[in-house]
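Note sheet for the following structure.
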Amino acid sequence: MRKRLKDIYIKLYSAFGPQGWWPGETPFEVMVGAILTQNTNWQNVSRAINNLKKEKLLSASKLNSLRLKKLASLIRPAGYYNIKAKRLKNFLDFFFKHYKGNIRSLSKKETTELRRELLGVNGIGEETADSILLYALNRPVFVVDTYTKRILSRHKLVKEEAPYRVLQNLFADNLIANVKMFNEYHALLVKLGKDFCRKLKPRCAQCPLKG
């Protein structure tokens with residue numbers, strides 16, 4: 001399994017090159033993006049984040065003070081904007097209550113405990129929590145999403161119904177815990193899932209993993 005996972009990474013990196021993921025100027029921006037990207041694509045999230053930037057509101061303190069209705073209107077391009085505005089507010093409540101809105105304070109928390117705390121925030125699931133840990137806080141936590149599950153199941157590495165933790169442990173148990181590699185590997189799987197291993201009409205004949 002270890003060799004198989006390494007071979008997949010090498011083939012994808014050779015085919016696609018570095019992905020430069022996650023796009024964000026600050027750890028807080030990455031956190032916001034991780035919440036907004038639920039059930040939508042990055043293009044829509046980028047538009048929502050740009051709205052916040054234009055209004056000079058992309059900081060923890062300013063978003064925390066912003067009225068829910070105003071926040072929802074600004075992040076409208078991300079879809080499900082009323083729900084996502086509440087989720088952002090839930091995260092901000094947690095962030096200020098436990099860490100006074102300070103990234104440095106948050107960064108001092110041990111990974112397993114911080115993950116548990118994040119999962120306790122209404123609206124933050126495993127993928128979102130792990131995206132925050134990996135991309136915003138540089139923790140060696142592998143992020144699993146629908147692309148990962150689809151690719152691994154189609155290549156008979158896991159069962160189609162395998163739960164999140166089984167998929168995550170597959171990488172954690174067989175690869176060296178490395179932030180840069182976990183970051184790149186996940187981004188490459190997303191690229192493969194979007195362009196080749198699609199849910200409908202997959203392009204198996206052109207897949208970089210073919211053969």
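The values are calculated or read from the model by the stated rules, or taken from the named source; none is laboratory data. None of the values given here were measured: they were computed from a predicted structure. Cβ sites come from the backbone with ideal geometry, for glycine too, and all protein chains shown count toward neighbours.
General remarks:
- Of all the listed residues (Ile75, Ile103, Ile83), the sole one being within 27 Å of Ala187 (Cβ to Cβ) and buried (at least 19 other Cβ atoms within 10 Å of the Cβ) is Ile75.
- Cβ separations smaller than 6 Å between residues 6+ apart or across chains give the following pairs from segment 151-178 residues that are exposed (fewer than 14 other Cβ atoms within 10 Å of the Cβ) to residues that are not in a loop (DSSP other than H, G, I, E, B): Glu160/Ser153; Asn174/Arg2; Asn174/Leu5.
- Scanning segment 45-58 for any residue that is more than 16 Å from Glu25 (Cβ to Cβ), buried (at least 16 other Cβ atoms within 10 Å of the Cβ), of a type in the set (A, V, I, L, M) and not assigned by TED's automatic domain parsing to the domain that holds Gly193 turns up nothing.
- Subset tally (residues that are basic (Lys, Arg) and either surrounded by fewer than 17 Cβ atoms within 10 Å (Cβ to Cβ) or within 18 Å of Asn183 (Cβ to Cβ) (or both)) for segment 135-150: 1
- Qualifying residue in segment 7-26 (condition: within 24 Å of Leu192 (Cα to Cα) and acidic (Asp, Glu)): yes
- For segment 182-189, the criterion of being in contact (Cβ under 8 Å) with a residue 12 or more places away in the chain and either in the same structural domain as Ala72 (by TED's automatic domain parsing) or surrounded by fewer than 18 Cβ atoms within 10 Å (Cβ to Cβ) (or both) is met by none of the residues.
- Restricting attention to segment 5-35, the residues that are loosely packed, with under 11 Cβ neighbours inside 10 Å and closer than 18 Å to Val190 by Cα add up to 3.
- Qualifying residue in segment 115-126 (condition: under 26 Å from Tyr13 (Cα atoms) and of a type outside the set (A, V, I, L, M)): yes
- The listed residue being among the basic types (Lys, Arg), part of a loop (DSSP other than H, G, I, E, B) and in contact with a helix residue (DSSP H, G or I) (Cβ under 8 Å, 6 or more places away or on another chain), out of Lys191, Lys210: Lys210
- Tally, over segment 71-84, of residues that are closer than 19 Å to Trp42 by Cβ and without any contact (Cβ under 8 Å) to a residue 40 or more places away in the chain: 5
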